[in-house]
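Some notes on the structure that comes next.
The values are calculated or read from the model by the stated rules, or taken from the named source; none is laboratory data. None of these values were measured; they are calculated from a predicted model. Virtual Cβ from ideal backbone geometry, glycine too; neighbours counted across all protein chains shown. Just the protein is used for accessible areas: all its heavy atoms, side chains included, with ligands, DNA and RNA removed. Shrake-Rupley method; radii C 1.70, N 1.55, O 1.52, S 1.80 Å.
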Amino acid sequence: MLYSVLLFVSTLTVFFSFFLVYKVTVLQDDINKLRGDISNLMPHSNESTDGMITGMSRTWERSKQAASLNSQQQRQTEKDSQTLCSPTASSLRMKREQAGCSGVVQQSFLQLSANTKEQPFVRGNVTVIPWTVALHQGEAISSTGDRIIIQQEGFFIVFGQVLFQSPGTIMGHIVRSRGTGQRSTELLRCLQEMPQTNCANTCHTGGMVKLEREDELELVIPDRPQAQVSMDADSTFFGIIRLN
C-alpha cells in the first residue's frame, strides 16, 4: 500500500516537472518573439522620429523666414512713413499741390439772359434784345451792352435761344461776330415758323467756332422790326463757353 502511494507521488512529480519545463520553453519562445518584434519596430520608429524632427525643422525655418520678411516690410513702411512726414517731404508735397493748383486753367464761360426791365429795340435792319449777365466765370470772355467780347483766342461753343410770340410768320435770329476793322461774319442761324394761334415757338441754335482776341459777338433778329419776344430768363438767352 505504501509502495503504491510513493509510486503515484513520484509519477505525479515527474509529470509536473515535464509540464514546468514545457511551460518555461514556451515562455522563452514568446520572449524571443517579442524581442524580435521590438527589434523590427525600432528602425521604423527612428525613421518616423527623424521625419518628424526634419518636418518641424523645415516649418521652423519657414516661420523664421516669414517673420524676417514681415519685419523688413514693417521697417520699410515705418521708414517710408517717416520720410513722408519729414519737413522736406511735406514741403515738396505742398509745392507739388501748389503747382498743380496753379496749373489748373479755370474754364471761362458767360451766359446772358433777356433783361426783363427793358424791351427789344430796332437798330438799322435788326431787332436787338437787351441782355443782362446771368452767369460769368474766367477772364477769357467779357460783355459790354448787348455784345460778348473775346479776351483770349481759342475754340468756343456759342449758343442762343429766343422764344418768339409773333403770330403767322417765319421768325428767327442770327449770331454774328465782328473783328477789329472787319465786317461782321454770320456764325449761326435759326429759323422757326410761327402758328396763327397759340403763337409761341422757341428757336435754338448752337455750335463750335474759333474766335480771335477782341472779336465781338451779338445775337440779333434780322428784318423783323415788330418781333415779339419773351423776356423771361429761362426762355431767351445767349451764351458762350471756352473749350481750351
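Averaging Cα coordinates gives a centre for the range 221-241 and one for the range 133-169; these two points are 11 Å apart.
Across the range 135-174, the convex hull enclosing all Cα atoms gives 108 Å³ per residue. Once the Cβ-Cβ distance between GLN165 and HIS204 is put in as r, and R0 is 22 Å, what FRET efficiency do you end up with, to the nearest 0.05? E(calc), rounded to 0.05, equals 0.90. Summary of packing: across the peptides 182-190, 147-155, the per-residue average of other C-beta atoms within 10 Å ranks them, highest first, as 147-155, 182-190. Dividing the radius of gyration of the alpha carbons in the range 109-156 by their Kirkwood radius gives 1.03 for Rg/Rh. Take the convex hull of the alpha carbons in the range 167-216; its mean projected area over all directions comes to 4.1 nm². Dividing the radius of gyration of the alpha carbons in the range 198-244 by their Kirkwood radius gives 1.02 for Rg/Rh. Using a probe of 1.4 Å on the protein chains alone, the accessible area found for VAL122 is around 80 Å².
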